[in-house]
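Contents: one structure, followed by commentary.
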Amino acid sequence: MSMVIMDPTPSVSSSPVAAVNVRPSRHDTDTETGRDPTRVKIFDTTLRDGEQSPGCTMTREEKLVVARQLSKLGVDVIEAGFPIASPGDFEAVKEIAETVGTANNPPIICGLARALKKDIDVCAEAVRPARFPRIHTFIATSDIHMEHKLKKTREQVLAITHEMVSHAKSLIDDVEFSAEDALRSDPEFLAKVFSVAIAAGASTINVPDTVGYTTPGEFKSLIHYLREHVAGIDGVTISVHGHNDLGMAVANFLAAIEGGARQVECTVNGIGERAGNAALEEIVMALHVRKGYFNAAAFARPADSERALTNVVTQELYKSSRLVSSMTGMTVQANKAIVGANAFAHESGIHQDGVLKNKETYEIMDAALVGVVQESNLVLGKHSGRHAFRSRLAEMGYTLADDELNKAFARFKDLADKKKEISVLDLESIVNEEMREATGHIAFALRGVQVLAGNRNTPTATVIIHDKDADTESHIPAIGTGPVDATFQAINAAVAGHARTGDMKLLEYSVDSVTAGIDALGEVTVRVQDATTGRTFFGRGADTDVIYASAMAYVDAINRIVAARAGPTPKHPQKDTSED
């Protein structure tokens, strides 16, 4: 007996539409910054949708550091968070609006709000300090969401859309409206919803593939359909949002751009819920490397047109990737396109021979184009001074404040005593560790680790932990199944008396070598679950001593748990439907 699985996606019949030069209305940011309004706008949601990835919670200070780098990267919109989720989220969005949103040549600072008056009011208050604030409000439009989650009729959804977009428009001029689960919605009803949103004042309409179900052809066809059936669509920006559940998020976005979409909502490293979001770096470089194709296929321009397709500074991509990885604790897989460790590596003899003769035989882009810094003639070691250290960081694109530089230099000197030469990757690790520690809430500080292990000994570890809240230092021994386990058991015992730690469970442990060689710097990543709340947190540490790096990572995760437990559990924009 065979079983037929019904396809829940409504079909869209649309004849092929030739490429047209879609011209969304010029936004104030385009007028002031001189950016081409016909470009593909990069809407970064790393700080909102990306942070919803399990374990990727960032502190307010960490979000600010990432937002500053995103602005330097040249994204057009930063979705800074979901302000009503918690007081901490509200403050983070507001601080980003007050700082990054008022700097020279600032991006739009956006906050997410459900189609609820209270959400929209709080969002407006958070983003208002920015020079270019935006409210992004949404409501589900698929039958399955309306029936089972919203428990609303189509007529009610249309009425809510008009009322809430109008309300948002009365508070902030720039309003984006999203139809959640658009790709599984009835296209005719979807067109009605978007028409209502535009009439109510939305300047951007967003078409999300919320569950990562669609295919490139379907996405392109839907964009064509909407361009033909939505009233007023020629005067707004068509945006797309998508998840990577079937591994097609980036391909879907590129197809949508061919169809007429001019804003893409993505995250650095593709982080996000489930299988993640469309990866910002992959979309940007696909448009950059295949500019000739997209000039003709999507923009009706000559293939050799030199006009940029995005505003992104591609040389900042790699640094942005490393920073987000460090701040969230989520490592980048080695074979990740554009920013993975193997993205520009060749092991096959045939490939190596070709690359040595001419890079273009097997490389379609130069590593320097995405900001991968090659080793220079300036070799750093234990005799290198502060000036050489600062100069090398400047070459790599890092500018640190004096206090950050002093701490990073101290880390460098400590590492230089253990290694003959310090590589670019070592320096990146040092800088990112310093930036991460400088922004985190430190309840516990690791002062030392001593381990006794071997095949004839019971693994024993003693840790020295400083409790900053109590201003006490404890020396705690413990045994375990191995040196790492013994170290973690000792740390558990040292923090057990703290009121906000609770029970913790180690879910994942991994160690990676930053560079080659016996004296390589090891980066350890752990994922720890707070058994009380069920939330997971990443921790990270780097040192030439892997046991010490492991202890650093575990303490880092504990500090994140302590910081999170100090505040309320944040609301989830899609899963929490309560109006409180």
Could you please find all residues in region 12-69 being in a helix (DSSP H, G or I), modelled with pLDDT of 80 or more and of a type outside the set (Lys, Arg)? 50, 51, 52, 61, 62, 64, 65, 66, 67, 69
Residue 139 meets each of (1) more than 20 Å from residue 279 (Cβ to Cβ); (2) within 16 Å of the chain's Cα centre (by Cα) with one exception, condition (2)
Being under 18 Å from the mean Cα position of the chain (by Cα) and either crowded, with 23+ Cβ neighbours inside 10 Å or in contact (Cβ under 8 Å) with a residue 40 or more places away in the chain (or both) narrows 229, 243 down to just 243
In this structure, is residue 259 more than 23 Å from the chain's Cα centre (by Cα), under 18 Å from residue 298 (Cβ atoms) and buried (at least 24 other Cβ atoms within 10 Å of the Cβ)? yes
Just the residues that are farther than 27 Å from residue 282 by Cβ and touching a residue at least 60 places away in the same chain (Cβ under 8 Å), please, taken from region 63-104. 84, 85, 86, 87, 88, 89
Residues being crowded, with 22+ Cβ neighbours inside 10 Å, in contact with an Asp or Glu (Cβ under 9 Å, 6 or more places away or on another chain) and in a helix (DSSP H, G or I) - total across region 295-313: 1
Looking only at region 117-159, how many residues end up being in a helix (DSSP H, G or I), crowded, with 17+ Cβ neighbours inside 10 Å and among the aliphatic types (A, V, I, L, M)? 9
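The values are calculated or read from the model by the stated rules, or taken from the named source; none is laboratory data. Bear in mind that the values here come from a model prediction, so they are computed numbers and not experimental data. When we count neighbours, we look across all protein chains shown, and the Cβ atoms used for this are built from the backbone with ideal geometry, even at glycine.
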